[in-house]
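Data block below; observations after.
The values are calculated or read from the model by the stated rules, or taken from the named source; none is laboratory data. This structure is a prediction, so every number in the text was calculated from the model and none was measured. No Cβ is skipped: glycine too gets one built from the backbone with ideal geometry, and neighbour counts run over all protein chains shown. To get the accessible areas, we keep the full protein, side chains included, count just its heavy atoms, and leave off ligands, DNA and RNA. Shrake-Rupley method; radii C 1.70, N 1.55, O 1.52, S 1.80 Å.
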Amino acid sequence: MNVLVINAGSSSLKYQLIDLENREVMAKGICERVGSDEAFHKHGIDENEVVHDAPMEDHNAAMALVLEALTSGSNKVIDSLDEIDAIGHRVVQGGKYFSESAFIDDDVIAKIDELAELAPLHNKAALMGIEACQKNMPGKPMVAVFDTSYFQTLPQKAFMYPIPYEYYDKYALRKYGAHGTSHRYIAERAAQYLDENLNDLKMITCHLGNGCSMTAIDHGMAIDTSMGLTPLDGLMMGTRCGAIDPAIVPFLMEHEGLTFDEINDVMNKKSGLLGISGISNDLRSVRTASEEGDERAQLAYEMYSHSVKKYLGQYIAEMGGVDVIVVTAGVGENCDKMRRMIFSGLQSLGIVLDLEKNKLRGGEREISTDDSPVQILIIPTNEELMIALDTLDVVEHLRLEGTL
Ligand code: AMP
C-alpha cells in the first residue's frame with residue numbers, strides 16, 4: 001500500500017509518498033511560498049533532489065504540481081495516481097473531538113474547521129491541503145492524524161489551567177499538547193527496541209529540536225506533556241520561550257508598547273536559543289559560539305539543558321519513577337554535548353549516561369551504561385511513517401467493516 005502523507009502549512013505543502021510494504025520513502029518534497037511570486041518546488045530524495053521556481057497561486061495548484069512530479073518527469077515514481085492508495089494528513093489541533101486518527105468525511109472537516117479557533121494558522125492550512133487533495137484526487141480515502149490526539153488521555157488535573165473554570169467551559173482553554181505523533185512513534189519504537197511491553201513501562205519521551213516537548217507516559221498512557229493550549233508552552237526552544245511568568249506579557253506590552261501580534265512575535269520568533277544567545281536558533285551555531293567563549297551562547301546552552309532537566313524531575317515525580325528516557329529530533333539525536341549536560345548529575349535518580357556510547361553516532365541506540373537502572377535511548381523520530389501507518393490502519397479497518 002502506498003500512502004501519500006501531506007503536511008500543509010499556511011504557505012507550504014510538504015509531502016512524502018511511502019511504500020508501507022517495504023517501509024520505504026518513494027518520493028518526498030515541499031512546495032514553499034505558495035501564493036507568492038517566489039514560490040518554488042523541491043522534489044526528490046538526497047542527490048536526486050531538484051528545485052525549481054514554480055508559480056502556484058494556492059494549495060490546489062501546489063498539489064497539482066506535486067502529483068505531476070510523482071507521475072512524470074525524471075523523478076517520477078509511479079505511473080498513475082491509481083498507485084496512491086490513501087492519503088494521510090497531519091492536522092495540528094484535534095481538540096476534545098479526536099483521541100485517535102479519523103477517516104476524513106464532511107463531519108471531520110467541519111470539526112477541524114471549528115477547532116481552527118484554537119490553532120488558526122495550522123488547522124486552516126490542513127483544510128487547504130485536504131481540499132487540494134479532494135480536488136486533484138476525488139474519492140481517494142483520506143485520514144486525519146492529529147498532533148493532539150495522543151494527549152487526550154491526560155487526567156483533568158494535568159490538562160486544566162488554574163484560571164477561572166468558566167474559561168474552560170466558554171473557550172475550551174486547556175492543555176492539548178503537540179508533537180503527539182512523534183512522542184507516540186518513539187515510545188512504541190523504544191518498547192520494541194527493548195523488547196518490552198509499553199504498558200509495563202514508565203517512560204519519558206523528549207522531542208528536542210527547534211521545537212521541543214516532553215511527555216510522561218505511564219504504562220502506555222500519556223499522563224502529562226509540556227506543550228499546552230499551543231506549542232508555545234513548556235521547554236525553551238529554538239525561537240520560542242516556553243513557560244515563562246505570564247506577568248511578563250502585560251509588562252512588556254506596557255513598557256515596550258507592543259501590540260498582541262508583536263508580543264506573540266517576541267515569544268514565538270525572537271526568544272529561546274535565539275533570544276538568549278542573540279546569535280541563532282540553530283544549536284550548532286550556538287555551540288560553536290559558546291566554544292569560542294561567547295558567554296550568552298554558553299548561557300543559552302545551559303538554559304536549554306536546564307529546562308529539559310526540570311521536566312525530567314517533574315515527570316519522575318508525577319510517575320513515581322521512570323524506567324526509560326527516550327530522546328529524539330535534531331538536538332536529541334545529534335548533539336552529544338547537550339545530552340551530556342541534560343543527564344549530568346542524575347546518577348542518584350538511577351540515570352547514568354555512558355559517556356562513550358553518547359559520543360557514537362547511528363540510528364536507534366542505547367546511551368545509558370549497561371548497569372544504569374534507567375535506560376536512555378535515542379530513537380530517530382519518523383512522524384510521516386506514523387501518519388502513513390495510521391492511515392493504513394483506519395482505511396483497512398473500514399474496508400474490513402465493509403464501510404469503504
Ligand atoms: P529539528 O527541529 O528536529 O529539525 O532540529 C533542529 C535543531 O537540531 C537545530 O537547532 C539544529 O541546530 C539541531 N541540530 C541538528 N544537528 C545537530 C548537531 N549535529 N549538533 C547539534 N545540534 C544539531
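Couple of notes before you dig in:
- Sequence of Phe151, Phe159, Phe251, Phe260 when ordered by accessible area, the most exposed leading, probe 1.4 angstrom: Phe260, Phe251, Phe159, Phe151
- Gain upon complete extension [Thr259, Ser344; 0.36 nm per residue less C-alpha separation]: 26.5 nm
- For the set Leu4, Leu360, solvent exposure ranked by accessible area (probe 1.4 Å, protein chains only) runs largest to smallest as Leu360, Leu4.
- Computed helical MRE - 222 nm, the chain, DSSP H runs ≥ 4 contributing -39500 (n - 2.57), nearest 500: -12000 deg cm²/dmol
- With a simple spin-label model that places each label point 7 Å from the Cα along the Cα-to-Cβ direction, the separation between His219 and Glu114 comes to 3.3 nm.
- Note on segment 125-155 and segment 61-101: Cα centroid distance 11 Å, given to the nearest whole angstrom.
- Sites Glu49 and Arg361, calculated FRET efficiency, Cβ-Cβ separation with R0 30 Å, nearest 0.05: 0.85
- Estimated from the Cβ-Cβ distance and a Förster radius of 30 angstrom, the FRET efficiency linking Glu68 and Thr288 is about 0.15.
- Taking other residues whose beta carbon is less than 14 angstrom from the beta carbon of Val286, and scoring Lys, Arg as +1 and Asp, Glu as -1, yields -2.
- Paramagnetic reach from His306 in segment 209-241 [backbone N under 16 Å; point 7 Å along Cα→Cβ]: 235-237, 241
- Order of exposure, largest accessible area first, which applies to Arg189, Arg174 with probe 1.4 Å: Arg189, Arg174
- Residues whose amide H lies under 5 Å from that of Asp224, counting only those 5 or more places away or on a different chain, are Ala216; hydrogens are built 1.01 Å from N in the peptide plane.
- Selection of trypsin sites (Lys or Arg not before Pro), segment 234-302, meeting DSSP coil and at most 15 other Cβ within 10 Å: Lys270
- Entry comment: accessible area of the chain is 47 Å² per residue, from protein heavy atoms only and a probe of 1.4 Å.
- Asn268-Arg23 pseudo-label distance in nm [points 7 Å out on the Cα-to-Cβ vector]: 3.6 nm
- By definition, a body whose alpha carbon gyration tensor gives a ≥ b ≥ c is rounded when a/c is under 1.5, and the chain falls into this rounded group.
- Among the protein heavy atoms, those of Tyr193 account for about 90 Å² of accessible surface (1.4 Å probe, every chain in place).
- With each label modelled as a point 7 angstrom along the Cα→C-beta vector, the Asp195-Ser36 pair spans 5.2 nm.
- The chain - percent of accessible surface contributed by carbon and sulfur, probe 1.4 Å: 49 percent
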